[in-house]
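Note sheet for the following structure.
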Amino acid sequence: MKFGIIKERKNPPDRRVVFSPEKLAEARTKFPQAEFIVESSDIRVFPDEAYRQMGFTVTDDVSDCDVLLGVKEVPLEHLIPNKKYFYFSHTIKKQPYNRKLLVEMLNKCIEMYDHETIVKKSGSRLIGFGRYAGLVGAYNGFRALGLRDKLFELPKVEHLADLDEVKAELDKITLPNIKIVLSGTGKVAMGAKEILDHLQIKQVSDALYLTSQFTEPVYVMADVMEYAKRSDGKVGNKWEFYKDPSGYESNFMPYAKESDVFIAGHFYGDGAPFIFTREDAKHPEFRINLVADISCDIDGPVASTIRPSTIADPFYGYDPHSESEVGFDADEAITVMAVDNLPCELPKDASEGFGDMFLEHVIPAFFNGDERGILKRAKITTSEGKLTERFAYLKDYVDGLE
């Protein structure tokens with residue numbers, strides 16, 4: 001079986017890749033029956049020559065490959081019929097802007113495997129860039145704080161070589177006495193926690209956080225059963241919430257009254273209550289004045305996130321009174337960091353981490369009869385140009401009836 005590492009063609013350019021040269025060499029050693037080639041790219045974080053030095057063919061033509069591995073959406077005109085593709089298609093939530101992409105893959109009889117659909121039997125994700133989104137998002141939050149309050153100046157992550165340099169920059173700053181609430185307990189939140197812990201910010205319990213003031217920076221991790229509660233007053237259950245959140249409401253205001261900074265690292269599911277609303281943000285006791293929204297759901301659970309920001313221009317302000325965008329350092333504004341492609345800022349580390357997961361969970365499935373059902377669960381479209389049973393719910397979306 002022949003695998004091709006494809007060139008990223010989406011704009012703005014993405015420098016990440018599924019496999020670094022070293023990890024691809026490891027894949028070749030572990031699976032000698034597989035052949036790996038690399039499509040030439042002038043933007044990839046690892047240059048073509050690094051792959052050639054590892055003995056890989058670098059070419060402009062990958063049309064003879066069976067499986068094509070990428071990161072972001074492939075432009076329609078570059079999709080090769082009758083191939084197996086892996087990339088983030090951003091179609092499984094019926095995203096309107098990518099409907100044509102899914103239709104084109106069906107028309108070209110492409111077997112589509114979305115990185116987001118590579119899951120365990122339980123449905124939990126096996127691979128992704130979540131940790132790196134958390135790392136960069138938390139760093140960017142502190143960068144915004146330093147710039148806004150003229151406390152310190154951190155360089156952009158994209159100007160740093162790797163995670164070691166990111167942490168070295170953080171070693172140079174001193175934080176004021178602030179309280180930080182971090183939502184979530186998954187890979188994104190744990191990435192953000194890694195930054196908080198590197199800064200030696202003290203983690204405290206919910207009870208202490210909500211009832212005490214401190215003489216040093218502190219943070220609390222709030223899981224879903226802390227910031228959401230059952231509407232009927234009964235004791236909530238996390239798994240019940242994930243299955244059907246309709247009987248729940250936000251319980252975030254106690255945190256909002258005690259926090260200066262909110263790092264949003266949660267996963268937001270359909271039908272879940274908003275974490276804080278526009279009305280909540282107007283409350284006289286609403287204290288949060290900086291939000292690093294790593295989850296970045298627009299007009300969703302975090303009221304101040306009214307649009308995504310960009311790596312080039314990562315910060316804006318949200319005026320809770322007028323419910324409109326203002327300067328990120330405007331008086332009485334909530335400063336917002338809502339970059340929606342954070343791992344792109346740390347392409348080397350993010351690619352290396354992604355390759356570790358892809359080699360562990362996905363490549364073996366091609367050679368062991370897919371004994372764990374990884375490929376079967378992940379496949380969205382078939383080589384006959386049909387949706388798989390698991391993704392049959394996308395038929396109305398494909399037909400343009402949504």
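The values are calculated or read from the model by the stated rules, or taken from the named source; none is laboratory data. None of these values were measured; they are calculated from a predicted model. Virtual Cβ from ideal backbone geometry, glycine too; neighbours counted across all protein chains shown.
Things to note:
- Filter pass, Asp319 being outside the structural domain of Lys72 (by TED's automatic domain parsing), in contact with a strand residue (DSSP E or B) (Cβ under 6 Å, 6 or more places away or on another chain) and modelled with pLDDT of 95 or more: yes
- Inspection of segment 124-131 finds a residue satisfying the criterion of being of a type outside the set (Val, Ile, Thr), under 19 Å from Phe354 (Cα atoms) and free of Cβ contacts under 8 Å to residues at least 12 places away in the same chain.
- Considering Tyr316, Tyr268, Tyr219, the condition of being hydroxyl-bearing (Ser, Thr, Tyr) and touching a helix residue (DSSP H, G or I) at 6+ places or on another chain (Cβ under 6 Å) is satisfied by Tyr219 alone.
- Flag for Phe354 being more than 30 Å from Glu35 (Cα to Cα) and in contact with a helix residue (DSSP H, G or I) (Cβ under 9 Å, 6 or more places away or on another chain): no
- If you filter segment 80-96 down to residues that are over 21 Å from Ile127 (Cα atoms) and at pLDDT 95 or above, you find that the one that is surrounded by the fewest Cβ atoms within 10 Å (Cβ to Cβ) is Asn82.
- Matching residues, segment 9-50, being touching a Leu at 6+ places or on another chain (Cβ under 8 Å) and not basic (Lys, Arg): Val18, Phe19, Glu26, Ala27, Phe36, Val38
- Unique match (being modelled with pLDDT of 95 or more and outside any loop (DSSP other than H, G, I, E, B)) among Glu153, Glu158, Glu77, Glu116: Glu77
Conditions (1) assigned by TED's automatic domain parsing to the domain that holds Val67; (2) crowded, with 19+ Cβ neighbours inside 10 Å; (3) not charged (D, E, K, R), marked per residue:
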{"residue": "Asn98", "(1), (2), (3)": "yes, no, yes"}
{"residue": "Met112", "(1), (2), (3)": "yes, yes, yes"}
{"residue": "Phe142", "(1), (2), (3)": "no, yes, yes"}
{"residue": "Glu165", "(1), (2), (3)": "no, no, no"}
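- Candidate set from segment 119-149 (those that are aromatic (Phe, Trp, Tyr) and touching a helix residue (DSSP H, G or I) at 6+ places or on another chain (Cβ under 6 Å)); member that is modelled with the lowest pLDDT: Phe129
- Hey, Leu68 of a type outside the set (Phe, Trp, Tyr), touching a Phe, Trp or Tyr at 6+ places or on another chain (Cβ under 6 Å) and assigned by TED's automatic domain parsing to the domain that holds Arg9 or not: yes
- Segment 348-402, subset more than 26 Å from Arg28 (Cα to Cα) and hydrophobic (A, V, I, L, M, F, W, C), residue farthest from the chain's Cα centre (by Cα): Leu401
- Of the residues making up segment 321-339, those that are in contact with a helix residue (DSSP H, G or I) (Cβ under 9 Å, 6 or more places away or on another chain) and surrounded by fewer than 21 Cβ atoms within 10 Å (Cβ to Cβ) are His321, Glu323, Asp329.
- Annotation note: Cβ proximity below 6 Å between a residue of segment 42-67 that is of a type in the set (Asp, Glu) and a residue that is surrounded by fewer than 17 Cβ atoms within 10 Å (Cβ to Cβ) (sequence gap 6+ or interchain) occurs for Asp48/Ser40; Asp48/Val58; Asp60/Ser40; Asp66/Met1; Asp66/Lys2.
- Whichever residue in segment 28-58 is hydrophobic (A, V, I, L, M, F, W, C) and either under 25 Å from the mean Cα position of the chain (by Cα) or part of a strand (DSSP E or B) (or both) and, among such residues, is nearest to Glu158 (Cα to Cα): Val45
Here is a yes/no grid of residues against (1) surrounded by fewer than 16 Cβ atoms within 10 Å (Cβ to Cβ); (2) of a type in the set (Ser, Thr, Tyr); (3) farther than 19 Å from Gly128 by Cα:
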| residue | (1), (2), (3) |
| --- | --- |
| Lys2 | yes, no, yes |
| Ser20 | no, yes, no |
| Ala34 | no, no, yes |
| Val45 | no, no, no |
| Tyr51 | no, yes, yes |
| Ser63 | yes, yes, yes |
| Glu73 | no, no, no |
| Leu76 | yes, no, yes |
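- Subset of segment 241-297 [of a type in the set (Ser, Thr, Tyr) and touching a strand residue (DSSP E or B) at 6+ places or on another chain (Cβ under 9 Å)]: Tyr248, Ser250, Tyr255, Ser259, Tyr268, Thr277, Ser295
- Only one of Ile173, Ile180 that is modelled with pLDDT of 95 or more and part of a strand (DSSP E or B): Ile180
- Only listed residue being of a type in the set (D, E, K, R) and in a loop (DSSP other than H, G, I, E, B), chosen from Lys93, Lys167: Lys93
- Within segment 80-90, the set of residues being part of a strand (DSSP E or B) and more than 19 Å from Asn341 (Cα to Cα) comprises Lys84, Tyr85.
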